[in-house]
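Derivation of every value follows stated rules applied to the coordinates shown; laboratory data play no part. What you see is a predicted model, and the numbers here were worked out from it, not measured in a lab. Every residue, glycine among them, receives a Cβ derived from its backbone with ideal geometry; neighbour counts consider all protein chains shown.
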Ligand SMILES: [Mn+2]
């Protein structure tokens with residue numbers, strides 16, 4: 001009701017209401033958002049219903065979170081919903097009958113001219129939010145029967161944000177189905193990574209040109225590229241200059257870039273089909289690494305190389321994490337920081353090196369930046385790698401600016417190198433090879449950006 005009050009400080013007169021209902025000419029439907037081929041989503045739905053025989057499954061797209069009053073945060077549909085249907089409509093619900101194999105999408109139809117919603121309804125009215133395609137058009141494109149959202153019986157409609165126990169089970173099945181990407185998905189990820197590389201280049205160019213940049217400038221430069229070439233950023237951009245690099249999820253981005261320090265940029269583009277890249281580069285703000293920065297960089301790079309060597313089908317997921325940890329622990333020992341041997345630190349009952357490595361060096365990537373998180377451990381973290389999985393490899397070393405256990409010269413230094421790889425038949429493909437990784441290459445690339 002607040003909405004009505006905001007829109008109509010004086011209510012429309014009956015004469016205006018009658019007038020608004022007259023004289024509208026037909027016009028073409030707006031284009032649909034890009035979606036996977038219909039046969040692909042049909043195969044995915046069949047795989048799901050095959051694993052949950054006899055059940056009726058509801059997968060809602062969700063609603064945009066409220067920001068305040070009648071303002072919402074941007075809408076981003078549920079990833080499982082998108083994966084199964086290809087649709088991106090707010091408040092859509094996909095119903096799958098695992099007995100019959102029937103799929104039905106319940107969607108809000110476009111506001112027509114048969115009533116006054118097209119000019120009165122601020123949430124879905126055409127004059128408020130723009131025209132929408134007809135359900136027939138969506139049905140033909142996606143290969144799924146579409147029914148008006150109002151026909152979904154109220155008792156079937158899940159509460160937004162509410163997760164019942166059996167819903168968790170469904171989420172787990174879906175997460176595990178999404179672990180191995182099909183060729184179409186890999187193409188989306190390649191696109192996301194390509195756009196991300198362009199965004200990194202934009203930032204490198206601005207940094208190289210020596211303008212007095214802030215972390216916000218970096219966020220905006222990257223954001224401009226990824227919004228201009230896709231849906232936007234796939235997660236909140238981390239633009240961490242200097243000691244901020246030690247804060248793993250530094251998204252405040254309110255600092256400035258200081259010559260001689262490093263900029264850690266962890267960012268990813270999301271395609272219009274909602275697949276995201278996840279890449280980190282640590283750039284010398286002056287264009288050249290200092291000797292000490294380079295020493296630490298080389299350790300992180302060696303850890304990433306060692307990890308990449310372990311990524312192949314049949315290897316334990318944890319093997320590449322262990323390989324990275326070994327190189328980082330040995331590097332920390334070489335820097336004289338570990339009070340124990342690398343060997344001892346790497347024991348599970350020790351782990352002292354983790355004071356400076358902080359986070360796990362990789363995860364699944366896909367529709368979500370941390371993809372397939374609801375998988376059971378034996379399919380993911382305790383499982384083995386399979387061809388078609390896409391992973392990040394992201395070792396790092398982080399020395400807090402108030403860490404009294406490291407020399408002054410290392411304090412405030414943070415380095416992460418993060419790349420995206422596809423598990424292939426006999427190893428892995430570095431999908432983000434369009435961006436340089438080695439210190440020399442980074443310097444040359446910045447100079448040429
Ligand atoms: Mn990551």
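The table for this structure:
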{"quantity": "Which of 443, 29 has the fewest Cβ neighbours within 10 Å, and the rest in rising order", "calculated": "29, 443"}
{"quantity": "Max mean-square fluctuation residue, GNM over the chain, Cα-Cα springs under 10 Å, options 240, 438, 323", "calculated": "438"}
{"quantity": "Length-normalised contact order for the range 14-176 - Cα pairs under 8 Å, 6+ apart - percent", "calculated": "22 percent"}
{"quantity": "Peptides ranked, highest mean first, by Cβ atoms within 10 Å: ranges 47-56, 67-76, 185-194, 256-265", "calculated": "185-194, 256-265, 47-56, 67-76"}
{"quantity": "GNM top mover of 130, 388, 223 - the chain, alpha-carbon springs below 10 Å", "calculated": "130"}
{"quantity": "Förster-model FRET efficiency, 30 Å R0, residue 291 and residue 349, C-beta, rounded to 0.05", "calculated": "0.25"}
{"quantity": "Full-stretch length increase - residue 444, residue 168 - with 0.36 nm per residue and alpha-carbon distance subtracted", "calculated": "94.5 nm"}
{"quantity": "Tilt relative to the chain, helix 38-51 - C-alpha long axis, 0 to 90 degrees, to 10", "calculated": "80 degrees"}
{"quantity": "Pairwise FRET efficiency - residue 248 versus residue 318, Cβ, R0 = 25 Å, nearest 0.05", "calculated": "0.80"}
{"quantity": "Proxy reagent accessibility, fewest Cβ within 10 Å first, across 428, 359", "calculated": "359, 428"}
{"quantity": "Label point distance in nm, residue 360-residue 102, each placed 7 Å from Cα along Cα→Cβ", "calculated": "4.1 nm"}
{"quantity": "Rough spin-label spacing in nm, given labels placed 7 Å along Cα→Cβ, for residue 58 and residue 127", "calculated": "3.4 nm"}
{"quantity": "Nearest-ten-degree value, helix 165-177 long axis tilted from longest Cα axis of the chain", "calculated": "60 degrees"}
{"quantity": "Mean ellipticity per residue at 222 nm, deg cm²/dmol - from DSSP H runs of n ≥ 4 across the chain, formula -39500 (n - 2.57)", "calculated": "-10500 deg cm²/dmol"}
{"quantity": "Cα-projected label distance for residue 24 with residue 429, points at 7 Å along beta-carbon direction, nm", "calculated": "4.7 nm"}
{"quantity": "FRET efficiency, residue 184 to residue 302 (Cβ-Cβ, R0 35 Å, nearest 0.05)", "calculated": "0.50"}
{"quantity": "Highest-fluctuation residue, 124, 178, 216 considered, GNM on the chain with Cα pairs under 10 Å", "calculated": "124"}
{"quantity": "Global geometry of the range 178-448, whether rounded, prolate or oblate, following the gyration tensor of its Cα atoms and the 1.5 cut on a/c", "calculated": "oblate"}
{"quantity": "Additional length obtainable on full extension of the chain from residue 134 to residue 69, 0.36 nm per residue less Cα span", "calculated": "20.5 nm"}
{"quantity": "0 to 90° range, to nearest 10: angle between helix 317-334 axis and the chain longest Cα axis", "calculated": "40 degrees"}
{"quantity": "Relative contact order computed over the range 178-448 (Cα-Cα under 8 Å; 6+ residues apart), in percent", "calculated": "22 percent"}
{"quantity": "Centre separation in Å (Cα based) which lies between the range 414-448 and the range 82-106", "calculated": "38 Å"}
{"quantity": "Protection proxy ranking of 112-122, 224-234 - average other beta-carbon atoms within 10 Å, highest first", "calculated": "224-234, 112-122"}
